[in-house]
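Working notes, beginning with the structure itself.
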Amino acid sequence: MPQLKDILRLTMLSAWGYVDWREGSTGVYGLDVMLDTDLRMWLIEVNKSPCMSYSTAVTANLIPRFQEDLAKVLADPHGSDTGDLELILEQPFVREPQEHRSADDFAVNGKNICAKTSKK
C-alpha cells in the first residue's frame, strides 16, 4: 500500500519537530485514514495515544498481534522477525525546535461524495 506508506512518512516528518522526544521511550500513534470513491486515501486525524482495547472483533485480533510485533521491534529494531511491522522511515534522533504554525496556515478542501437524491 504505497499511498498509506506515503501518508505515514509525510505525517511523521511534518510533526517531527513537535514531538516531545524522551530518550529510551517509544510512542505509538494511531492514524485514521478514509477512502474516497476513487479509492484514494485521506488522513483524517492522528491520535497520540490510540485506544488499545479489544472493543470489536477486528481490534481483538489486531491489537494483540500489534503489541507482540512491537515488542519484537523494540527488542531488535533491525531484526529479521518483525511480524507484520515494516520499517518505512528511519530518522536520526534530533532535538531541533521548529517554527509553530497557527491553525490559519492550514486549509481543508473537500468534495461531496454522497449521491444526491431527488426529493419527491
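The values are calculated or read from the model by the stated rules, or taken from the named source; none is laboratory data. This one's a predicted model, so the numbers in the text were calculated from it and none came from an experiment. When we count neighbours, we look across all protein chains shown, and the Cβ atoms used for this are built from the backbone with ideal geometry, even at glycine.
Quick check on L39: is it modelled with pLDDT under 95, outside any helix (DSSP H, G or I), over 26 Å from E68 (Cβ atoms) and out of contact with any Asp or Glu (no Cβ under 6 Å at 6 or more places or on another chain)?
Taking the combined requirement at face value, the residue satisfies it.
T26: loosely packed, with under 11 Cβ neighbours inside 10 Å and more than 14 Å from the chain's Cα centre (by Cα), yes or no?
So T26 passes the test.
Please go through segment 22-36 and give me each residue that is within 18 Å of N47 (Cβ to Cβ) and touching a residue at least 12 places away in the same chain (Cβ under 8 Å), ordered by number.
Those that are within 18 Å of N47 (Cβ to Cβ) and touching a residue at least 12 places away in the same chain (Cβ under 8 Å): T26, G27, V28, Y29, G30, L31, D32, V33.
Being under 24 Å from A15 (Cα atoms), aromatic (F, W, Y) and either at pLDDT 90 or above or surrounded by 10 or more Cβ atoms within 10 Å (Cβ to Cβ) (or both) is the filter here, so list the residues in segment 49-104 that pass it.
Within segment 49-104, just F66 meets the criteria.
So Q3 passes all but one of these: (1) touching a residue at least 12 places away in the same chain (Cβ under 8 Å); (2) part of a strand (DSSP E or B); (3) not acidic (D, E). Which condition number does it fail?
(2)
For M12, state whether it is among the hydrophobic types (A, V, I, L, M, F, W, C), in the same structural domain as K111 (by TED's automatic domain parsing) and under 30 Å from N112 (Cβ atoms).
For M12, the condition - among the hydrophobic types (A, V, I, L, M, F, W, C), in the same structural domain as K111 (by TED's automatic domain parsing) and under 30 Å from N112 (Cβ atoms) - is not met.
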